[in-house]
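The values are calculated or read from the model by the stated rules, or taken from the named source; none is laboratory data. Owing to the predicted nature of the structure, the values given are computational and were not obtained by experimental measurement. Note that each Cβ is placed from the backbone with ideal geometry, even for glycine, and that neighbours are counted across all protein chains shown.
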Amino acid sequence: MPVKVELGDIAKMKKAHPCGSDRWEIVRTGMDIGLKCLGCGRRVLVPRPKFEKALKMLETKKENPQ
């Protein structure tokens, strides 16, 4: 069963990006997952199966009640 991801969620990956950060913001969902590195701002597009295999933990976005 696929992992349920939403825009704005933070994904913590098993391996760190070369900049040193292992946290990525979800910026696109679908068959491919768009990610933005929270360390350097680099954007990548990863196929969903590869993303799910590399995912360590998913932090859901916090809604701002107003």
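Annotations
- Within the range 10-26, tally of residues that are in contact (Cβ under 8 Å) with a residue 40 or more places away in the chain and either touching a Ser or Thr at 6+ places or on another chain (Cβ under 7 Å) or assigned to a loop (DSSP other than H, G, I, E, B) (or both): 1
- Residue match in the range 40-47 (condition: of a type outside the set (S, T, N, Q), surrounded by 11 or more Cβ atoms within 10 Å (Cβ to Cβ) and in contact with a Ser or Thr (Cβ under 8 Å, 6 or more places away or on another chain)): yes
- Scanning the range 13-25 for residues that are of a type in the set (D, E, K, R) and closer than 14 Å to Lys50 by Cα yields Lys14, Lys15.
- Number of the exception - Leu7 against (1) at pLDDT 95 or above; (2) in contact with a Ser or Thr (Cβ under 7 Å, 6 or more places away or on another chain): (1)
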